[in-house]
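Following: one structure in C-alpha cells, then a few remarks.
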Amino acid sequence: MSPRATQTVAGNWQYVNLRGIVHAFMSPHKNRSTRQKKIITGIIQIARNGKGYIAWPEEASKEDARIENQDLLGALNGDLVEVALTKFSSPPQGKVLKVISRAKNEFVTTLKEIEGQWFAVPVDPRFYRTIHLIGVPENTTANSKALIRLISFSGSADPEGEIITLIGPVGEHYAEMNAIVLEHGFAIEFPEEVKKEARLIEEHHARTIAEETIHRRDYRQLSTLTIDPADAKDFDDALSVHELSHDEYEIGIHIADVTFFVRPKTALDTEARKRSTSVYLVDATIPMLPEELSGNVCSLRENEDRLTFSAVFRMNRQAKVLERRFEKSIIRSKKRFTYEEAQITLDTQQGLYFHELTVLRDLARILKKEREQMGAIDFGDANEVHFTLDEKGTPVSVKRVDRLETNTLIEEFMLLANREVAQYVSKLTQNIPEKSPLFLYRIHDTPKEDRIEELATFVRAIGYDFGNKKRNHSPRDIIKLLKDIEGTAEENLIRTATVRSMAKAIYSTKNIGHFGLMLRHYTHFTSPIRRYPDILVHRILLSHLNHKLLTQEEFSNLEQLCIAASEQEARAVAAERESIRYKQVQYMTSKIGQEFDALISGVTDWGLYVEEKETSAEGLVRIRTLGNEYFNYVAKEYALVGEQSKKKYTLGDQVRVKLVATDPAARTLDFALII
C-alpha cells in the first residue's frame with residue numbers, strides 16, 4: 001500500500017495525494033515516450049512494508065512513483081531524494097539515485113543483544129532495517145529504549161549508529177513518555193546555560209517585583225481569579241472583574257509577562273524559539289521554558305505578586321466592548337479555581353467569588369452566542385479522555401472528559417483578548433511604512449471542497465443530511481451538523497471527522513483570516529508560557545505601545561519563525577495523541593477477554609475499526625474473523641457486506657466486541673465481534 005493511504009476522518013484508510021517538492025528535468029527528445037520526465041527530486045514517503053513512494057509530476061500521472069526496497073539506496077521516510085523513473089506503467093516505478101538530505105538523523109529504538117553484538121530496532125515501523133550499534137556504553141541493557149544517532153546507511157548493508165541517550169526499560173511509564181517526546185524531535189533536558197539563566201531570574205525575582213511595581217498599573221486589589229484544569233502545571237492567564245456601575249464592568253485579562261524575563265539573544269530565548277511549544281503528554285509535561293519560569297516566576301500562582309501584560313476592556317452587560325487598553329501590570333491572583341470547582345460555585349450559586357464568576361459567565365454566554373450568529377464553528381474537544389495512573393504510571397481508569405461551561409467561559413475571554421490584540425495592531429500597521437515589522441497572525445484557511453465532499457459522503461452514510469447535497473458548503477452547514485449530532489452515540493465520531501476535514505490552523509505574517517472562528521483578524525496572545533508565537537506577539541504589541549517599532553533586522557525572519565512554530569505545534573499534537581494512544585492500549589491490556597460496547601468508526605477492505613465507548617480506544621476487527629463467508633467492501637456505503645447472508649456492517653453501527661489481543665509497542669488493539 002502506498003503511504004498515500006493515510007487514516008481518514010473515520011479511522012478508515014483512503015488514498016490521499018502526497019505532493020512533495022518536485023523538480024523535474026525535461027528530456028531533450030521529442031517523441032512521446034522519451035518526453036516523459038525521467039529524473040525527479042522530492043520528499044520520499046516510506047510505507048510500513050518498506051517500499052518508497054514519491055510524487056510524480058502532476059501533469060503526467062496522478063499516481064506516486066513506487067520504489068522497491070532494494071532500490072531505496074538507504075533513503076528513509078521524509079528524506080529529500082533524487083529519483084530516476086524506470087517504468088511508466090501503473091503505478092510508475094523508480095529508483096533512488098541520491099539521498100540529498102536526511103529528514104532527521106536521530107531515532108528512538110529498542111535495544112537488542114545477539115551473541116555479543118548490539119542492535120537497535122527503530123520504533124518507527126517505516127524505518128525498515130535494524131541498526132548495528134558501535135561503541136555501546138557499559139551500562140547498556142537489552143530490551144530498553146535508547147535514542148540513536150544514525151552514522152551511515154547506504155542501503156547495501158545494515159545501517160550503523162551510536163547511542164546518544166539511554167531512555168529506560170520498555171514499558172516503564174517515564175521511559176515510554178520520554179521516548180515519544182524524543183521520537184518527535186523534542187529535547188527533554190535544558191542546556192546548562194539555559195538553566196543557569198533561569199535560576200538567576202528566580203533568585204532575583206522578589207527584588208524584580210519590587211523594582212517593577214512603580215512602573216506598572218497595579219491591579220493587586222482587584223478580584224482576580226485563575227481557572228484551569230486540575231492537573232495544570234502553569235498558569236498563563238487570570239481574569240479580574242471590577243464593577244464600574246450597574247451596567248458596566250472593567251474586565252481584565254491578565255497574561256503572564258514572559259517577555260520581561262525572556263529577552264532576545266539570551267540562551268532562554270534561543271531555546272524557547274527552538275522548542276516553540278510545551279508538549280503535554282499523559283501525566284507528563286515537557287515545558288517550553290524551565291520550571292523556574294514556567295512553574296514559578298511567570299506562572300500566575302495564587303496569592304503571589306506576578307508581572308503581567310494585561311488586556312483590559314470596559315464592557316456593558318450586553319458584552320459590548322466600549323473601550324480597550326493594553327498595558328504592563330502587576331496582579332495577585334486571589335483564587336486558583338479548577339474548572340470543576342468554578343462550575344460547582346456557579347451551579348450552587350454560593351461560595352467564594354460567586355458574583356465575579358457569574359458576571360464572567362453571563363458575558364461569556366453573550367460572546368459565544370454572538371460568535372455563533374456570525375457563523376463561528378465550535379468544534380469542542382472531540383474524544384478528550386482523562387487517565388488515572390498509579391504510582392508506576394500504569395493507567396487504572398480512563399474516561400471521557402465532560403466539557404463544562406467554565407471551559408467555555410475561559411475560552412471566550414481568551415478569544416476576546418486574541419481578537420482585540422490582532423485588530424488593534426492591524427489597524428495601527430495600516431498607516432505604517434512597508435518596511436516596518438510585520439505582525440504574526442493565527443490563520444485558518446477555508447477547507448478544500450474535496451475534503452468537505454468526503455465529509456458529506458461520510459456523514460450521509462451514517463444517516464445525516466449535510467448541505468442538502470449541494471456544493472460550496474458554508475460554515476452554517478457544519479454548525480447545523482454539529483448541532484444535529486449533539487447527544488447521539490456517534491457524536492464524537494462525527495465531531496472528530498469534521499475537525500479532520502478542516503484545514504489546519506497555522507501561524508503566518510500573511511493574514512487570510514480565521515475560517516473556524518469567522519474572524520478577519522486573530523492572533524495568539526494568551527499563552528506565552530507554553531507558546532513561542534505568543535512571546536513574539538507580546539514583543540510586537542509592546543513595540544507599538546511604546547512607539548518604538550522593532551527593526552526590520554529584529555523580525556526579518558518572522559515568516560520563517562511562523563513556519564517553524566506551526567511545524568513544532570503539529571509535532572507536539574502528534575506526540576500528545578501518541579501518548580494517549582499508548583496509555584489506552586496499556587490500559588486495555590489488562591482487559592483481554594472482556595466484552596465492550598463499541599461503535600464502528602471505520603470500514604476498510606481488511607476489516608472494521610471499532611471505538612470502545614468508555615475509553616475512546618480504537619481497534620481493528622479483522623475481516624477474516626467475521627465468519628465463514630466472504631465479505632465484500634462497498635466503499636461508497638462505508639460497509640462490509642456478506643456475499644451469501646448479505647449481512648451488512650456499516651459506519652456508525654453499534655456493536656458488541658471482545659478484546660482478543662493488544663500490542664502496546666505498536667499501539668494496536670484487536671477485537672472480535674460478538675455475533
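The values are calculated or read from the model by the stated rules, or taken from the named source; none is laboratory data. Since this is a predicted model, take the numbers as computed values, not measurements. Neighbour counts are summed over all protein chains in view; Cβ atoms, including those assigned to glycine, are modelled from backbone coordinates with ideal geometry.
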Checklist outcome for this item: Taking the stretch 316-329 and keeping residues closer than 18 Å to A422 by Cβ and touching a residue at least 40 places away in the same chain (Cβ under 8 Å) leaves V321, R324, F326, E327
Checklist entry - Looking at the stretch 487-509, which of its residues are in a helix (DSSP H, G or I) and touching a residue at least 60 places away in the same chain (Cβ under 8 Å)? => result N492, L493, R495, T496, A497, T498, V499, R500, S501
Item to check | Top-ranked residue of the stretch 385-411 - restricted to ones that are in contact with a helix residue (DSSP H, G or I) (Cβ under 9 Å, 6 or more places away or on another chain) and part of a loop (DSSP other than H, G, I, E, B), ranked as nearest to L346 (Cα to Cα) | outcome: L404
Next on the checklist: Whether any residue in the stretch 303-311 is closer than 26 Å to Y507 by Cβ, aromatic (F, W, Y) and buried (at least 22 other Cβ atoms within 10 Å of the Cβ) is what I want to check.
Outcome noted: yes
Checklist outcome for this item: Checked pairs for the stretch 99-125, first touching a residue at least 24 places away in the same chain (Cβ under 8 Å), second charged (D, E, K, R) and in a loop (DSSP other than H, G, I, E, B), C-beta under 7 Å and 6 or more apart or across chains, list as V99/D79; R102/D79; A103/D79; F107/D124; P125/R48
Item to check | Every pair of residues 6+ apart whose Cβ atoms lie under 9 Å, when the first sits in the stretch 134-151 and is crowded, with 16+ Cβ neighbours inside 10 Å while the second is at pLDDT 90 or above and of a type in the set (K, R) | outcome: L150/R102; L150/K104
Next on the checklist: Residue under question is A565, and the condition is that it be in a helix (DSSP H, G or I), among the aliphatic types (A, V, I, L, M) and within 13 Å of the chain's Cα centre (by Cα); does it hold?
Outcome noted: yes
Checklist entry - Can you find even one residue in the stretch 649-656 that is under 30 Å from G171 (Cβ atoms) and either crowded, with 21+ Cβ neighbours inside 10 Å or more than 32 Å from the chain's Cα centre (by Cα) (or both)? => result no
Checklist entry - Considering only the stretch 484-518, how many residues are more than 15 Å from R460 (Cα to Cα), aliphatic (A, V, I, L, M) and surrounded by 20 or more Cβ atoms within 10 Å (Cβ to Cβ)? => result 2
Next on the checklist: Out of A238, A284, A256, A267, I need the residue that is surrounded by fewer than 21 Cβ atoms within 10 Å (Cβ to Cβ) and modelled with pLDDT of 95 or more. Which one?
Outcome noted: A267
Checklist entry - Which one is surrounded by the most Cβ atoms within 10 Å (Cβ to Cβ), of the residues in the stretch 519-551 that are of a type in the set (V, I, T) and part of a helix (DSSP H, G or I)? => result V537
Next on the checklist: When you scan the stretch 314-327, do you find a residue that is farther than 24 Å from H355 by Cα, surrounded by fewer than 23 Cβ atoms within 10 Å (Cβ to Cβ) and under 25 Å from the mean Cα position of the chain (by Cα), even just one?
Outcome noted: no
Checklist entry - Quick one: is F337 surrounded by 15 or more Cβ atoms within 10 Å (Cβ to Cβ), modelled with pLDDT of 95 or more and outside any loop (DSSP other than H, G, I, E, B)? => result yes
Checklist entry - Among the residues of the stretch 664-672, is there at least one that is over 30 Å from the mean Cα position of the chain (by Cα) and of a type outside the set (G, A, S)? => result no
